[in-house]
Amino acid sequence: MSDTPAKASPRQPAQAQAADPVYWKPQSRIWYALAVISFLLALGANLLIPANLPGLQPGLDYSQDFPTDPTNYRILLAAVAVLLVLLFAVSHFWNPLRKRLLHKAQFIFAGGLALAVWDVLSSKLFIMRPPYFPGPVNLAAYVPTNWLGLLNHITASSQLFITGLVLGTVFGIGTGILIGWFRQWFYWLFPILKFTGVVPATAWMPLATVLLKPAPVAMTFLLVIASWFIISFMMAQGMESTPKALYEVSETLGASRRFLLLHVAIPNAMPSIFTGISTATAMSLLTLVAAEMMGATAGLGYFINYSKAFNKYYQVYAAIIIMFIVFSVLLAIINAIRNRALRWQKGLVQQ
């Protein structure tokens, strides 16, 4: 054996990160402190930098299209800073929370700076001018006083979205099983599936509005089409990718065709199914916004179209942010279900 000390491998940093593939960012308290400070800086900028409003008199000429009362925005910034401090204190007793907070610290820091820059350019320096570029002050002033109307639009969009996605998932999984397992069904259905896949769901809008009544039925049909193709395709691909060795071993042990389908092919396709559902969720969201613009009387897509028609872009921005929050929650729920259903994969799949 040589007494020469072993050189450090250039792969060691990657190996160290692989030890925790989820929270791989540096666990630095400095970055977390900077994240808190960024929101305090945004608060200080709003408090100390005077507003440059050409030709407008504060308190007299303020409207929804110009910087309004900044009280809600200031409260929001202070509340976020306090919440970050409290979460860090709680994380002393919950190590997973601390890892997550420190991992997200750089992103939170960037978010605080982005709010500060947005506020200064819009509400202070007036470089980003309304009505097309409202500031965060406008949004913070608008949402709390109009939450009931926004809640109605959120409820309408959520009901339509969930109905379309659930039906598309059921039909997609059923179609995927048929074309992935039975040759006759593949022969007849796969060409239809390919045709549907290359045609955007919104292209069916003129036909849907004429043939399907009332409007919610037509909008649901578009959402089903948007999710059906990708889920069917991923389901069939997942079943087709099942290793032949699994079938051979099962048949050697006396497994029937039904057993092979239910206990070999479909379980092997589960990761592909959830990949398809996640992709279908994004596609359905794009279709939802377009569908609600064609005949809906409520919903976030309708609300965006209505607000744009009257140049109320502060409402457009508010609807976009709310849409991001709502559908991020839906994606988180889908991911939680996926992690639960595929918990058997842990330790088998390389991160």
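Readers should treat all values here as calculations from the given coordinates under stated rules, not as data from a laboratory. Everything numeric in this text was worked out from a predicted model, so none of it was measured. Heads up, the Cβs are rebuilt from the backbone with ideal geometry, glycines too, and the neighbour counts pull from every protein chain shown.
Sum -39500 (n - 2.57) across every DSSP H segment of at least 4 residues in the chain, then divide by the residue count to get the 222 nm mean residue ellipticity, nearest 500.
Values: 14 runs with 242 residues, N = 351.
Rounded to the nearest 500, it is -23000 deg cm²/dmol.
If you take the beta carbon distance between VAL198 and ASN268 as r and set R0 to 25 Å, what does 1/(1 + (r/R0)^6) give as a FRET efficiency, to the nearest 0.05? Can you show the working numbers first?
Numbers: r = 27 Å, r/R0 = 1.09.
For VAL198 and ASN268, the calculated efficiency is 0.40.
At 7 Å along the Cα-to-beta-carbon direction for both LEU86 and VAL117, put a label point, then send me their distance in nm to one decimal.
In this crude label model, LEU86 to VAL117 measures out at 3.0 nm.
Using only Cα atoms, tell me the angle between helix 300-309 and the longest principal axis of the chain; keep it within 0 to 90° and round to the nearest 10.
40
With a 10 Å Cβ neighbour count serving as the proxy for reagent exposure, in which order, fewest first, do SER307, SER328 appear?
On the way: SER307 17, SER328 10.
So the ranking, lowest neighbour count to highest, is SER328, SER307.
What relative contact order, as a whole-number percentage, does the chain give when Cα pairs under 8 Å and 6 or more residues apart are counted? Don't jump to the answer; show the numbers that get you there.
On the way: 398 pairs, mean separation 63.6, N = 351.
It rounds to 18 percent for the chain.
So how do LEU102, LEU212, LEU160 line up by other beta-carbon neighbours within 10 Å, fewest first? Walk me through the intermediate numbers first.
Numbers: LEU102 21, LEU212 16, LEU160 24.
Lowest to highest Cβ neighbour count: LEU212, LEU102, LEU160.
By counting other Cβ atoms within 10 Å of each Cβ, how are GLU292, GLU240, GLU248 ranked from fewest to most?
Details: GLU292 26, GLU240 16, GLU248 10.
So the ranking, lowest neighbour count to highest, is GLU248, GLU240, GLU292.
With everything on Cα atoms, drop me the angle between helix 215-240 and the longest principal axis of the chain, reported from 0 to 90° to the nearest 10.
Approximately 50 degrees, to the nearest ten.
For segment 21-145, calculate the relative contact order in percent as a whole number, restricting contacts to Cα pairs under 8 Å that are 6 or more residues apart. Spell out each step's value before the answer.
On the way: 146 pairs, mean separation 56.9, N = 125.
Relative contact order comes out at 46 percent.
When only Cα pairs under 8 Å and 6 or more residues apart are kept, what is the percent relative contact order across segment 147-345? Each step should come with its number before you reach the end.
Numbers: 224 pairs, mean separation 53.4, N = 199.
Answer for segment 147-345 is 27 percent.
Subtracting the Cα-Cα distance from 0.36 nm times the residue separation, let me have the gained length for ASN95 to TRP147 in nm, one decimal.
Numbers: separation 52, 0.36 × 52 = 18.72 nm, distance 3.56 nm.
Contour length minus the Cα-Cα distance gives 15.2 nm.
If I model segment 21-145 as equal point scatterers sitting on the Cα atoms and use the Debye formula, what is log10 I(q)/I(0) at q = 0.12, 0.16, 0.19, 0.23 Å⁻¹?
-0.51, -0.78, -0.96, -1.23
Among LEU286, LEU121, TRP31, pick out the residue whose Cα is farthest towards the positive end of the charge dipole of the chain, where Lys and Arg carry +1 and Asp and Glu carry -1 on C-beta, about the Cα centre.
It is TRP31, whose Cα lies furthest towards the positive end.
Please find the FRET efficiency linking ILE333 to LEU125, where r is the Cβ-Cβ separation and R0 is fixed at 45 Å, and quote it to the nearest 0.05.
Values: r = 41 Å, r/R0 = 0.91.
E between ILE333 and LEU125, to the nearest 0.05, is 0.65.
Test of understanding: what is the full-extension gain from TYR132 to ILE321, defined as 0.36 nm times their sequence separation minus their Cα-Cα distance? Don't jump to the answer; show the numbers that get you there.
Numbers: separation 189, 0.36 × 189 = 68.04 nm, distance 1.55 nm.
Extending this stretch completely gives an extra 66.5 nm.
Does segment 147-345 come out rounded, prolate or oblate, given a ≥ b ≥ c as the square roots of the eigenvalues of its C-alpha gyration tensor, rounded meaning a/c under 1.5 and, failing that, prolate meaning a/b above b/c? Provide the component values of the computation, followed by the final result.
Working: a/c = 3.44, a/b = 1.95, b/c = 1.76.
Cα axes put segment 147-345 in the prolate bin.
Calculate how steeply helix 71-90 sits against the longest principal axis of the alpha-carbon atoms of the chain, using the helix alpha-carbon long axis, and give the answer as 0 to 90 degrees to the nearest 10.
Once rounded, the angle reads 50 degrees.
Could you point to the label whose value was computed as Rg/Rh (Cα atoms, Kirkwood Rh) for the structure here, given [x] 0.99; [y] 1.07; [z] 1.49?
The calculated read-out lines up with [y].
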